[in-house]
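**Q** Following this message is one structure expressed as structure tokens.
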Amino acid sequence: MELETIKQSIHEIRGMKVIFDYELAKLYEVETKYLKRSVRNNLNRFPSDFMFELTPDEWLNLRCKISTSSWGGQRYPPFAFTEQGVAMLSGLLNSFVAIDVNISIMRAFVMIRQFALTYQELNEKLIALEKKHNQKFTDIDQVLNYLIKKEQQQTLQTTRKQVGYKK
């Protein structure tokens, strides 16, 4: 499973990194209703810090961002699974695809966490240098912003629909 694809499925809601049920269902190659049914049958395994259902306001905001109509697509707010929720879900879905996807998802969460820590450490060191020398390093700030924009553009390039013959 490609980590970049999974990384794009991870969103931040309520200050937590989550993946929605319909994205997990697509990765696991199952229908969303079956995934939700499995979760509902085992709700005691999913406390609120593992999985939660979006509020109507969050759902409306999300639907506006992903442009789904009220007639097609999902009609109910999705479940949002945290990293621990995805790990717990692996115990319910016991197929070879689910095992491979879960390994990839865990790697994507770790990669995002490592990137955030690295960026935070760089930012703290830059602030310390600015305080020490009593000046702002605009060139370093520009380089960091350039690198962030470059990564965002690469992400956009990989998500666009490919044109040409399918193999």
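**Q** Can you name the residue in region 126-167 that is among the β-branched types (V, I, T) and surrounded by fewer than 10 Cβ atoms within 10 Å (Cβ to Cβ) and, of all such residues, is modelled with the lowest pLDDT?
**A** V163
**Q** On to the next question. Would you mind finding the one in M88, M111, M106 that is in contact with a Phe, Trp or Tyr (Cβ under 6 Å, 6 or more places away or on another chain) and of a type in the set (A, V, I, L, M)?
**A** Of M88, M111, M106, the one residue that is in contact with a Phe, Trp or Tyr (Cβ under 6 Å, 6 or more places away or on another chain) and of a type in the set (A, V, I, L, M) is M88.
**Q** I've got another one for you. Only residues in region 34-59 that are closer than 12 Å to L92 by Cβ and at pLDDT 90 or above count as the first member; pair them with residues that are part of a strand (DSSP E or B) and of a type in the set (V, I, T), Cβ under 9 angstrom, at least 6 apart or cross-chain, and list the lot.
**A** M51/V18
**Q** Which one of N102, N123 is at pLDDT below 80, of a type in the set (S, T, N, Q) and within 16 Å of the chain's Cα centre (by Cα)?
**A** N102
**Q** Within region 60-87, how many residues turn out to be in a helix (DSSP H, G or I), surrounded by fewer than 18 Cβ atoms within 10 Å (Cβ to Cβ) and modelled with pLDDT of 75 or more?
**A** Within region 60-87, residues that are in a helix (DSSP H, G or I), surrounded by fewer than 18 Cβ atoms within 10 Å (Cβ to Cβ) and modelled with pLDDT of 75 or more number 4.
**Q** Moving on to the next point. Report, by residue number, each residue of region 1-16 that is over 17 Å from S90 (Cβ atoms) and under 9 Å from the mean Cα position of the chain (by Cα).
**A** K7, Q8, H11, E12
**Q** Can you tell me which residue among V110, V97 is surrounded by 13 or more Cβ atoms within 10 Å (Cβ to Cβ), assigned to a helix (DSSP H, G or I), modelled with pLDDT of 70 or more and β-branched (V, I, T)?
**A** Just one listed residue meets the conditions, V97.
The values are calculated or read from the model by the stated rules, or taken from the named source; none is laboratory data. The structure presented is a predicted model; accordingly, all values stated were derived computationally and were not measured. For neighbour counting, all protein chains shown are included, and Cβ atoms are generated from backbone atoms with ideal geometry for every residue, glycine included.
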